[in-house]
Amino acid sequence: MPHVTFVAPRFLETTNRYLASFASLDGVTLSVISEDPEEAIPESLRSRVAGHYRVTSSLDAGALTAAGEAIQRGLGRIDRLAGALEQLQVPMARARDALDIDGMRNSEAQSFRDKDRMKAVLRANGVPVAASALAESPRELEAFVERVGFPVIVKPQAGLGTRDTFRVTSAADLAALARKGVVPSKERPLQVEEFVRAREHTCETVTVRGVPVWRSGTRYLPTPLEVVENPWIQYCVLLPREDEGTDWTRFHPINGAALEALFGSAASTAAGTAITHMEWFLRDDGTALVNEVGARPPGVGIMPLMSLAHETDLFRDWAGLTAFDEFTPHARKWAAGAAFLRGQGGGDRVTSVVGVEAAVEALGDSLVELRAPRVGQPRGAGYEGEGWAYVRHPTTDGAKQALLTLIQTIQIRY
């Protein structure tokens, strides 16, 4: 019986869905490490959690190691240490190193998390990526711009999505970054890349000990960077109905080469058993570039979308993959999409929400789930917005139209 320890920083809605998925598996001993007390575990799941250890910070590898040692003394050897968040991947890998737990170790985790190292590994293995450099001083940043020209993208070395990512189009923009305190140094270097004019896609891949066994993919509408730069945009993620003979399937060889390079010699171990989230660019001339890769389940609603389109529960599938190195491929039967609802105005709370009932009526059975913003709700700190909706349709065009109806009909003001 495998013993899985799940790292859940806080028992929030999405985290609890992952926790419930592990709890639903027969033949698994489940323990949990979290920053929340044991009483915060949802009551319906407590009987399935064999052990809990509370830490001050789940991002502290030493704390995870100490928690793992304590859990192993009480419940026996940990076979898998799992967590869904991007920020957890390196500290969990370091804890696996310390505790000799099978799975991704620090060397592989750094190749996924450190964006400069990631690009270097991919470039060395012939995988197409944008020109990039790690700037440790303003002069190094300026030298890169002199080499590739404006615009460029500036972001943290170990970023999270598009947070703290900037498009720099001129010397004035560089000066503005400096005034904001965004200045590269040896202690806090910045990743700088050429700006790629292209459509942005994702490729979600299930690998079992390094072998790809299933893929899915989405399109960002518009790109995440445009979403960050324009906080009023109600953006969408589209998962098409077609899964053969598309831009996504033509990208699969590049996807496979990139994963082989990043997993390296550990691919054939449990480190290579994963769902990975790859963002990639498709240029107008048909060439593709890998942007970033995460060795964890995707965010921005992609897990629910894959579940809808493939008539499965990807959360539970990932839990089973992690615990048993097993995955059953699922045929794609629908197109699906997510719309993220954001408002206009400069306030810090939602002051009006209109069009919800009209959107529900217009979409009919295509609307699967809707969480509408509420008047008085605080403005969200991230780019996910104050509400969201999931749609499903037999055709890609139908899903696109449903998403368009949502963002045109539902209007929010701050």
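Coordinate-derived values only; no laboratory data. None of these values were measured; they are calculated from a predicted model. Neighbour counts run over all protein chains shown; Cβ positions are idealised from the backbone, glycine included.
Taking only the C-alpha atoms, wrap a convex hull around region 365-408 and report its volume per residue in Å³ as a whole number.
Spread over its residues, the Cα hull of region 365-408 gives 81 Å³ apiece.
Alpha carbons only, please: Rg and Dmax for region 1-142, in angstrom.
So, for region 1-142, Rg and Dmax equal 17.8, 58 Å respectively.
Equivalent-ellipsoid semi-axes (√(5λ), Cα gyration tensor) for region 194-252, whole Å, largest first?
26, 13, 12
Could you compute the net charge surrounding Thr322? Neighbours are other residues with a C-beta less than 12 Å from the C-beta of Thr322; K and R count +1, D and E count -1.
Every neighbour counted, the sum reads -2.
What number in nm² do you get for region 344-393 if you take the convex hull of its Cα atoms and divide its surface by four?
3.9 nm²
Which percentage, to the nearest 5, of the DSSP beta bridges contained in region 1-104 is antiparallel?
About 0 percent, rounded to the nearest 5.
Compute and list, largest first, the equivalent-ellipsoid semi-axes of the chain from the alpha carbon gyration tensor, each √(5λ) rounded to a whole angstrom.
Semi-axes from the Cα gyration tensor: 32, 29, 23 Å.
Under a straight-distance cross-link criterion of Cα-Cα below 22 Å, which lysines are reachable from Lys400, leaving out those fewer than 8 residues away in the same chain?
In chain and number order, the partners are Lys333.
Treat the count of other C-beta atoms within 10 Å as a stand-in for reagent exposure and order Leu363, Leu141, Leu12 from fewest to most.
Leu12, Leu363, Leu141
Taking Cα pairs under 8 Å and at least six residues apart, what relative contact order does region 334-414 come out at, in percent?
52 percent
If the convex hull of the alpha-carbon atoms of region 196-333 is projected onto planes in all directions, what is the mean projected area in square nanometres?
Its Cα hull, projected and averaged over all orientations, spans 8.4 nm².
Report the full-extension gain for the segment Ala358 to Asp173: residue separation times 0.36 nm, less the Cα-Cα distance, to one decimal in nm.
The Ala358-Asp173 span can extend by a further 62.4 nm.
Mind checking which lysines have their Cα closer than 18 Å to the Cα of Lys186? Skip sequence neighbours fewer than 8 apart in that chain.
Lys115, Lys155
Mean 1/r over all different Cα pairs, inverted: what Kirkwood radius does region 27-94 give, in Å?
In region 27-94 this quantity evaluates to 12.5 Å.
May I ask you to sort Asp100, Asp26 by Cβ crowding, counting other Cβ atoms within 10 Å and putting the fewest first?
Asp26, Asp100
Return the ratio Rg/(2.2 N^0.38 Å) for region 131-194, where Rg is computed over Cα atoms only.
0.97
In cubic angstrom, how much convex hull volume per residue do the alpha carbon atoms of region 82-200 span?
Normalising the Cα hull of region 82-200 by residue number yields 128 Å³.
Take the alpha carbon atoms of region 93-132, find their center, do the same for region 327-390, and report the distance between the two centers in whole angstrom.
34 Å
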